Amino acid sequence: MTISVRKVAAFGLLGAVLVGCGGGADSAGSVTPTAPAASPASAPASASAKATGTAKPAAPGPKRAPAAPPTMAAGPQGRTPVYERRTGRSTEKTVALTFDADMTADQGPRAARGERFDNPELIATLRRLGVDATVFMTGRWAEEYPDQARSIGTDPRFEIANHSYSHYAFAEPCYGLPTVAGPDMAADVKRAFDSFRDAGAVNVVPYFRFPGGCYDDAALHALAPARVTAVQWDVVGGDAFAKDPDAVAEQVLSGVRPGSLVVLHCTRSAAPATERAIRRIVPELRSRGYRFVKVSELMRNG
């Protein structure tokens, strides 16, 4: 079988080596949002109670369950569906900022020596600016920073999506990354979801981003048991190893269109300019009339 690995060419080698920015454009299926159940009507008070004025307040009905995150139907032969910007579908000025929280399974020793794969200042800035966002997190990152994973995953402003447990490649070649064997791919994704749950994260969505931006048909088939929707993007932030926040901001601002998905990083050691770039990106896009949404809202409305 001929393997065709999708990558984002514009990302460049340095951006891809940061391993955590999926790429490609291969959509399948349709978005299927789940509507919340309607609350049952309260029973009317009895006639005698109304007459005597002793009717008790009706007991509150059950709380309405939040709508399930929208997903896409599986593709041919059960292939994992892939979501990307829907060109021409909407003129509403919404944009989804997504941040990859990268850490591979073998980077524990580097973290022990003091390398920081987190970026709490970035999360604090998003909160201060009132920006909704989706964080694509690896399970290894959640294990290394469980308090931060719980904080992000219990804040209604954010949602956590899956970036694999190991951050190894799901297709090869992929910038020198170790490769997850096909039979182990779904288990790797499940292990990441388990890590989020163990950390106490609640706002977790069934979305997935391929490490290194590499995938092929075999990976889409192997990932099917995980029942996730792969999420791509149309705007590369260019923050991988970047030191100039203005250059990152310019790249984002020049690429955003209604319904765009932007890929950036929540990894302080490898993307040190991202937080400063966000301070410029957010007010500028708002001045253009854009509203920041999570991937789930963009998918639901797009």
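Side notes on the structure shown:
- Every residue from segment 196-218 that is surrounded by fewer than 23 Cβ atoms within 10 Å (Cβ to Cβ), of a type outside the set (S, T, N, Q) and in contact (Cβ under 8 Å) with a residue 40 or more places away in the chain: Asp198, Gly200, Val202, Val204, Val205, Pro206, Asp216, Asp217, Ala218
- If only residues of segment 110-122 that are of a type outside the set (Phe, Trp, Tyr) and open to solvent by less than 10 Å² (accessible area, probe 1.4 Å) are counted, the one that is nearest to Asp155 (Cα to Cα) is Leu122.
- The residues listed here are Glu121, Glu159; of these, the one that is under 30 Å from Ala74 (Cα atoms) and among the acidic types (Asp, Glu) is Glu159.
Results for (1) within 20 Å of Ala271 (Cα to Cα); (2) of a type in the set (A, V, I, L, M, F, W, C); (3) under 16 Å from the mean Cα position of the chain (by Cα), shown as yes or no for each residue.
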site	(1), (2), (3)
Phe136	yes, yes, yes
Thr154	no, no, yes
Ala186	no, yes, no
Ala192	no, yes, yes
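- Of all the residues in segment 210-237, those that are assigned to a helix (DSSP H, G or I) and of a type in the set (A, V, I, L, M) number 6.
- Here Phe136 clears all of (1) within 16 Å of Ser296 (Cα to Cα); (2) surrounded by fewer than 23 Cβ atoms within 10 Å (Cβ to Cβ) except the condition numbered (2).
- Screening the candidates Ala240, Ala271, Ala277 for the property of being assigned to a helix (DSSP H, G or I), closer than 24 Å to Pro120 by Cβ and hydrophobic (A, V, I, L, M, F, W, C) yields one hit, Ala277.
- Count of residues meeting criterion [of a type in the set (Gly, Ala, Ser) and more than 17 Å from Asp246 (Cβ to Cβ)] in segment 277-302: 3
- Within segment 89-112, residues that are small (Gly, Ala, Ser) sit with their Cβ atoms under 8 Å from residues that are open to solvent by 80 Å² or more (accessible area, probe 1.4 Å), at 6+ positions apart or across chains, in these pairs: Ser90/Asn301.
- Among the residues of segment 236-248, those that are among the aliphatic types (A, V, I, L, M) and surrounded by fewer than 24 Cβ atoms within 10 Å (Cβ to Cβ) comprise Val236, Ala242, Ala247.
- Search result, residues across segment 164-195 that are crowded, with 24+ Cβ neighbours inside 10 Å and of a type in the set (Phe, Trp, Tyr): Tyr165, Phe170
- Residues being part of a helix (DSSP H, G or I) and either buried (at least 18 other Cβ atoms within 10 Å of the Cβ) or not hydroxyl-bearing (Ser, Thr, Tyr) (or both) - total across segment 280-302: 14
- Within segment 63-85, if we keep just the residues that are part of a loop (DSSP other than H, G, I, E, B) and surrounded by 15 or more Cβ atoms within 10 Å (Cβ to Cβ), the residue that is modelled with the lowest pLDDT turns out to be Arg85.
- Remark: Val256 falls outside the filter, which requires a residue to be among the β-branched types (Val, Ile, Thr), closer than 25 Å to Phe208 by Cα, open to solvent by less than 70 Å² (accessible area, probe 1.4 Å) and within 17 Å of the chain's Cα centre (by Cα).
- Listed conditions (1) modelled with pLDDT under 55; (2) surrounded by fewer than 18 Cβ atoms within 10 Å (Cβ to Cβ) are all met by Gly24, apart from (2).
The values are calculated or read from the model by the stated rules, or taken from the named source; none is laboratory data. Keep in mind that this is a model prediction, so the values were computed, not measured. Neighbour counts are summed over all protein chains in view; Cβ atoms, including those assigned to glycine, are modelled from backbone coordinates with ideal geometry. Just the protein is used for accessible areas: all its heavy atoms, side chains included, with ligands, DNA and RNA removed. Shrake-Rupley method; radii C 1.70, N 1.55, O 1.52, S 1.80 Å.
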